[in-house]
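Comments concern the structure below.
The numbers here are math on the coordinates, done by the rules we state, and not lab data. The structure presented is a predicted model; accordingly, all values stated were derived computationally and were not measured. We place every Cβ from the backbone using ideal geometry, glycine too, and count neighbours over all the protein chains shown.
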Amino acid sequence: MNHVELDPRFAPPFPQAVLPVLRNPQLRKNVAHAIDVIQAKRAKLVAEKTDWQALRTAAAAIRSHALENLGAYLEEFEARCTAAGGQVHWASDADEARRLILDLLRQEKASEVIKIKTMTSAEIQLNPFLQAAGVDVFETDLAEIILQLGELEPSHIVVPALHVNRSQVREIFARRMGLKDLSDDPKELTNAARHYLRQKFLAIPTAISGANFLIAETGAVAVVESEGNGRMCLTLPRTLITLAGIEKVLPRFQDLEVMLQLLARSATGERMNPYTSLWTGVTAGDGPQRFHVVLLDNGRSSILSKPKQRQTLKCIRCAACMNACPVYRQTGGHAYGSVYPGPIGAILTPQLMQMHYAQSLPFASSLCGACYEACPVKINIPEVLLELRSQVVNQERKQAGRFFDPLYLGLRVANLLFAWAWLFHAAQWAGRVGLRVFTRKDGWIHWLPSVGGKWTQTRDLRGLPAQTFHQWWAARAKEKQ
Amino acid sequence: MRASLFITCYNDTLYPETGQAVVRLLERLGVELDFRSRQTCCGQMHANTGFRAEAYSQAKRFVRLYQDAEAVVIPSSSCVAMIRDQYPGLFQELGNEALRQEYAALLPRVFELSEFLIDRLGVEQVGAYFPHRVVYHASCHGVRALHLGDRPYRLLANVRGLELATLPNVDRCCGFGGTFSVKNAEVSSAMLAVKLQDVVSTGAEYCTALDNSCLMHLGGAMHRQYAGMKTIHLAQILASTEEAQAEAAQ
């Protein structure tokens, strides 16, 4: 497979990044198949919940409330977690978080570390940093192992290897684990992974995890997963470091009742995820004896400060939006040039980049609204997309090179026309005359220059009719008199 | 009953036959229609592309133009969605209090065509005759923004001679998305290909919708691919009668 760039600072713009994907039938087949399977399961389990909409409303309220009082809840979490024997660290950006984690690993004299369930670590590019500092990192989530051993990039936030099919997994495992006779039977593949993992779990006493939720009331951390590898990773090691974005906090333990019902159904189409791990600080003689939480800002408080965009942080990383998205279904995750793909990635990534990078992402949507409908915490993604689009336009329209950009020029001219009906009508006439040369005998346009060519590359356009509606109306009114 | 027709900029330019059908249909149902010649655009194209100030000036124009209308009928669900969902934000950000109040007073009188027929006029049986196999494309704005629900199906069910085909993945986007179709033309085309497969699989003669924008997208691909299916706005089906069919046949 081609090299995939998921650092938004270096990734190509979305319209370019999609091209290799759209020309890769195997990849598209893998993505569409995986998405359709998840969507069918989700639809069935959402339908059986008669209180689904009420749950969404409750979850949205809980998340909004948590964000509006984030400072207080984070401090409460820190106090409770510390009282229970954990240590809380604050990192304002990716660099600080990476160095903090490396320092903690050095205190442990760790040259190897196991990892589970942390998209946030991908956001801060932790693995390459630790590898460069001489710490070997081993992923323990099945999908993450496939990606790490295959040297591939994640394309989904819940099912990160969704774009890889079984025979590709077989090839990776056979090559990297030295198992020449491995078949692509799922049982055999799972056994191979299990064997590989057990050695890591038993040998490496230091782990890094993510967090699905931080509970302010009790200081507990929650991780949900399907495989049990997370449970191993969270309980076997001597030392556990949890990396979590500051937005992950929930006020009360009771709030999990709402969140867990929504999360499993939205994410994997299950009533309940198989493993839900909850722990509070350290417990003598049980589980890790040293526990650190690194709370990461990395642009989040800036998002929080903008009322129209704040809702982005309500996200609980279920991926329901990307599973519902007709764009994602065609492109998969890599085209988004970010570890956060799909509709949520299209709004989160440019914001995390302070709008300096990933400006093509807010436009990577047909605004069909399927994401908003699916979102269990009711993030109005189309609304945020539009807000970000207007910010990008405000950046770009100041650039001299954009002045003659056909789309910008067209929209500026259109605005002028829409201000005066007579001018609009004159432009309709000019358009009809101007397009005549492109209109074939059958009355259709098959080719247009410039921006129009983007349309006619796959679609015809019916030639402009001889009479507009308002002309017809005026003629009729005259006749009636 | 009096009503004002907001034809929308692209229907005026590209699909006058849809406007003519709305006039025939509503006048047949006893509605006295007026058409304000100063109308242009609702501002959706600008708003959806990030040109908020421009969208605002068109929004202001729309509200001013129709403030005294008894009802405004719009044969395009995405334009109605623009007016309902995006105007409040635009006026909040850029408008003054007087304009916000004018808008709030006008909003309950703005109707998408199927809403106007069913909710305002209370008719499902409009006396239409259209002896063809038809598939209905539920546009994204109709389904998820306006929540039109079964309104279009109820109208279609009452058309004599019409055989309604079932569209698989009915609520999936056709990939048009306004300027998305040119800014991200390749993805848009990939989405269109998938949609077209579903639409063509129904074996219908016509694909109908309440948005000519989706139909322009689907119809453009049908024509390019010699798909053997035509697009038609729902208003044109509802306006069609036995006499009109006979006339057309002659």
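Assorted remarks:
- Estimated FRET transfer efficiency (B:GLU205, B:ASP68; beta-carbon r; R0 51 Å; 0.05): 0.75
- Counting only cysteine Cβ atoms and a cutoff under 4.7 Å, chain A contains unmatched residues A:CYS81, A:CYS233, A:CYS315, A:CYS318, A:CYS325, A:CYS375.
- Projected onto their three principal axes, the Cα atoms of the stretch B:133-249 cover extents of 44, 33, 23 Å, largest first.
- Between A:ALA47 and A:ALA32, the modelled labels are 2.3 nm apart [label points 7 Å from Cα along Cα→Cβ].
- FRET efficiency, A:LEU202 to A:ALA475 (Cβ-Cβ, R0 60 Å, nearest 0.05): 0.10
- Around the amide H of A:GLU112, modelled in the peptide plane, lie the amide H atoms of A:ASP136, all under 5 Å away and 5 or more residues distant in sequence or on another chain.
- Sorting A:HIS33, B:HIS217 from the fewest to the most surrounding beta carbons within 10 angstrom yields A:HIS33, B:HIS217.
- Distance in nm between pseudo-label sites at A:ARG99 and A:GLN87 (7 Å out along the Cβ direction from Cα): 1.7
- Look at A:GLU78, A:GLU68 and count the other Cβ atoms within 10 Å of each Cβ; fewest to most, that gives A:GLU68, A:GLU78.
- Our coupling estimate for the stretch A:127-144, obtained by passing each phi through the Karplus curve with A = 6.51, B = -1.76, C = 1.60 and θ = phi - 60°, is 4, x, 5, 5, 4, 5, 8, x, 9, 7, 10, 10, 6, 10, 6, 3, 5, 5 Hz, Gly and Pro reported as x.
- Integer Hz, Karplus 6.51/-1.76/1.60 couplings in order for the stretch B:179-185, x for Gly and Pro: 5, 3, 5, 10, 5, 10, 4
- Between A:VAL293 and A:GLN87, A:VAL88, A:HIS89, A:THR242, the built amide H atoms are under 5 Å apart, and every one of these is 5 or more places off in sequence or on another chain.
- Per-residue HN-Hα couplings for the stretch B:228-244 [Karplus 6.51, -1.76, 1.60; θ = phi - 60°; Hz; x = Gly/Pro]: x, 9, 10, 9, 7, 5, 4, 4, 6, 5, 5, 7, 6, 10, 4, 5, 5
- Between 0 and 90°, nearest 10: helix A:421-436 axis offset from chain A longest Cα axis: 90
- For the pair A:GLU68 and A:PHE438 in one chain, pulling the backbone fully straight at 0.36 nm per residue adds 127.6 nm over the alpha carbon distance.
- Bins of 10 Å, starting at 0 and running to the largest distance - Cα pair percent for the protein assembly as shown: 3, 13, 23, 24, 17, 11, 7, 2, 0, 0
- Ranked list, fewest to most other Cβ atoms within 10 Å of each Cβ, for A:SER155, A:SER64, A:SER305, B:SER189: A:SER305, A:SER64, B:SER189, A:SER155
- For the pair the stretch A:287-365 / the stretch A:406-481, the C-alpha centres are spaced 39 Å from each other.
- Stokes-Einstein D for the stretch A:157-268, Kirkwood Rh over Cα pairs, 10 °C, 1.306 mPa s (µm²/s): 97
- Largest GNM mean-square fluctuation among B:TYR15, B:TYR226, B:TYR56, using chain B with Cα springs under 10 Å: B:TYR226.
- Spatially proximal lysines relative to B:LYS60 (Cα-Cα < 23 Å; intrachain offsets below 8 disregarded): A:LYS308
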